[in-house]
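S.K.: My structure is below; once you've seen it, I'll send some questions.
The values are calculated or read from the model by the stated rules, or taken from the named source; none is laboratory data. This structure is a prediction, so every number in the text was calculated from the model and none was measured. All Cβ positions, glycine included, derive from the backbone under ideal geometry; neighbour counts span all protein chains shown. Surface areas here come from the heavy atoms of the whole protein model, side chains and all, with no ligands, DNA or RNA. Shrake-Rupley method; radii C 1.70, N 1.55, O 1.52, S 1.80 Å.
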Amino acid sequence: MKNRALIRIAVALAFALSIWQGGRIATAASKPYAGTTLNFLVCCPTAAQFLAQQKMTDSIFTPQTGIKVHWDTSVPFGSLEQKLVTTAISGTGEYDMAAWPDSWGAAIKQYMLPIDSYVKKNKINLKDWPKSDIIAGSSLDRKQLLALPFRGHAQLLFYRADVFKKLHLTAPTTWQQLLKDAAIIRKKTSLDPLALYYGGLGTGQNLFIWLNLLWSNKGVLLDNNNQPKFDSPAGIQATQLYIDLLHKYHITNPSALTDDEGTSSTIFQKGLAAMWIGWSWYEELFTNPTASVAVVNNNTRFVPAPGWQGKARAAYGYIWEASILKTSKHQAAAFEYLKWLTSASVERKMLLDKSNPKTATVVGEHLSNLNNPQVNAANHGVSREMAAILAHSRNEPLIPQWLKVQSILEIAINKMANGANVKSSLAGAQSDVAAAVKH
């Protein structure tokens with residue numbers, strides 16, 4: 001109890017310090033952009049990170065600079081890709097800034113403002129982010145920086161510590177161990193061993209687990225020439241296991257056929273499943289008493305997503321970038337906000353603030369924060385796990401044709417989950433992807 005009290009005191013002091021630091025981010029003291037209103041295209045109006053950042057924008061950034069920022073979160077995630085591409089191509093100047101996942105960037109980077117001179121002038125330390133984050137925000141030839149890291153996740157396996165303790169199980173580190181644990185859970189409890197999802201068409205969500213399986217089995221999605229290579233023995237084996245989790249081993253609920261990422265996580269939140277694999281930010285929901293049932297709040301633990309037995313675990317990261325559109329009429333003011341929004345001190349303040357469950361978030365990108373003892377004490381150690389994974393993670397391919405490739409793959413996976421032959425489906429998908437990457 002004494003140690004926990006000391007930790008709480010340390011976190012409180014760190015939070016107080018971060019508030020002071022968060023109010024002293026270097027912005028133009030004379031408020032040259034006062035009266036400017038920026039429009040920022042994001043998504044997901046209930047995301048804790050976004051709610052926290054909007055609150056801090058209104059209470060700290062706007063009073064400091066006189067710049068108001070309108071967050072447009074009205075576009076749902078499933079429609080954000082199309083909205084972003086349409087906005088970028090139209091050149092109407094409707095938005096000054098936008099946030100986007102890494103794999104979407106290749107299709108819209110030509111419409112984003114290079115920020116190298118701003119970064120150099122403001123002495124922003126790019127080395128405080130994982131290298132993959134900076135690559136994701138760079139031009140396709142990597143000669144210009146077009147965005148700064150905004151949001152990042154690592155794939156984790158979440159599990160119920162109470163269930164595993166009762167059954168004398170250890171958290172699985174491989175897919176093969178997961179199958180053994182799942183068989184015991186299915187036999188001795190009324191829970192689904194693992195909540196999964198094969199739906200979410202239009203968002204590419206059913207690729208998350210598939211890519212984890214593919215890469216951890218040493219399979220290749222695209223080779224160095226961006227040619228598809230997933231129709232290989234390793235790819236077929238990995239894909240077959242993904243389908244077998246539902247149809248052969250019966251360790252997930254039949255609703256997984258149509259469930260997306262959010263729906264399947266709700267099964268875990270309700271205490272109906274013993275395990276769930278997904279992005280690290282979901283820890284916010286599983287430990288949030290207003291979002292998940294008490295038995296989940298009190299017993300959620302996590303380890304990195306499983307690897308393939310006898311092979312090195314694949315590290316899969318998912319990065320969001322924030323950028324300024326070339327058509328913005330307020331580019332300098334937009335960079336003041338981008339600089340502030342993505343700064344380490346503002347991020348640290350956000351990570352330490354657990355005063356409101358709706359804005360309590362574990363999402364961070366700066367390595368200095370993810371490895372910070374106070375930040376980890378406040379976030380159950382998720383931050384350190386994210387740092388280790390993101391520092392050496394791989395991402396979805398950063399190619400202009402990715403949206404076409406994603407569509408081909410997600411439809412193929414859903415069809416296989418609904419009974420289509422794995423080997424022939426992969427062969428067909430590989431042929432379609434090969435044609436897509438030519439254009």
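S.K.: Rounded to two decimals, what is Rg over Rh for the stretch 85-180 when you use alpha-carbon atoms and the Kirkwood radius?
M.R.: Result for the stretch 85-180 is an Rg/Rh of 1.21.
S.K.: Given a 1.4 Å probe, how much area per residue of the stretch 199-316 is accessible, in Å²?
M.R.: Value returned for the stretch 199-316: 36 Å² of accessible area per residue.
S.K.: Using helices alone, I'd like the mean residue ellipticity at 222 nm for the chain: each DSSP H run of four-plus residues gives -39500 (n - 2.57), total over residue count, nearest 500.
M.R.: -13000 deg cm²/dmol
S.K.: Moving to a separate point now. Please calculate how many Å² of accessible area the stretch 28-91 carries per residue, with a 1.4 Å probe and no DNA, RNA or ligand atoms counted.
M.R.: 44
S.K.: Using Cα pairs under 8 angstrom and six or more residues apart, how large is the relative contact order of the stretch 168-226, in percent?
M.R.: It comes to 13 percent, rounded to a whole number.
S.K.: Which of the peptides 370-376, 345-351, 422-428 is most tightly packed, and how do the rest follow, going by the mean number of other Cβ atoms within 10 Å of each residue? List each step's numbers first, then the result.
M.R.: Working: 370-376: 21.0, 345-351: 24.6, 422-428: 16.7.
Ranked from most to least packed, the peptides come out as 345-351, 370-376, 422-428.
S.K.: What percent of all Cα-Cα pairs in the stretch 43-125 falls in each 5 Å bin, counting up from 0?
M.R.: Going from the shortest bin to the longest, the percentages are 3, 12, 18, 19, 23, 18, 7, 0.
S.K.: For the stretch 340-422, rounded, prolate or oblate, judged on the Cα gyration tensor with a ≥ b ≥ c (square roots of eigenvalues), a/c < 1.5 rounded, else prolate if a/b > b/c?
M.R.: Since a/c reaches 1.5 and a/b is larger than b/c, the shape of the stretch 340-422 is classed as prolate.
S.K.: For the stretch 354-406, what does the accessible surface come to per residue with a 1.4 Å probe? Please give it in Å².
M.R.: On the way: 2050 Å² over 53 residues.
On a per-residue basis, the stretch 354-406 sits at 39 Å².
S.K.: Among DSSP bridges having both ends in the chain, what percentage is antiparallel? Round to the nearest 5.
M.R.: Once the DSSP bridges in the chain are tallied, antiparallel ones form about 70 percent.
S.K.: Sequence gap at least 6, Cα distance under 8 Å: using those rules, report the relative contact order of the stretch 298-439 to the nearest whole percent.
M.R.: Numbers: 97 pairs, mean separation 29.2, N = 142.
That works out to 21 percent.
S.K.: Using Cα pairs under 8 angstrom and six or more residues apart, how large is the relative contact order of the stretch 201-335, in percent?
M.R.: Values: 111 pairs, mean separation 30.6, N = 135.
The normalised contact order for the stretch 201-335 reaches 23 percent.
S.K.: If you fit an axis through the alpha-carbon atoms of helix 422-436 and take the longest principal axis of the Cα set of the chain, what angle between them do you get, 0 to 90°, nearest 10?
M.R.: That helix lies at roughly 30 degrees to the long axis.
S.K.: Which values of log₁₀ I(q)/I(0), to two decimal places, follow from the Debye formula for the chain at q = 0.06, 0.09 Å⁻¹ with a uniform point scatterer at every Cα?
M.R.: After summing over all Cα pairs, the log10 values are -0.25, -0.58.
S.K.: Can you send over the carbon and sulfur percentage of the accessible area for the chain, probe radius 1.4 Å, protein chains only? Working shown, then result.
M.R.: Numbers: 9980 of 18160 Å².
Carbon and sulfur together cover 55 percent of it.
S.K.: Among 200-206, 135-141, how do they line up from the highest to the lowest mean number of other beta-carbon atoms within 10 Å?
M.R.: Top to bottom by mean Cβ count within 10 Å: 200-206, 135-141.
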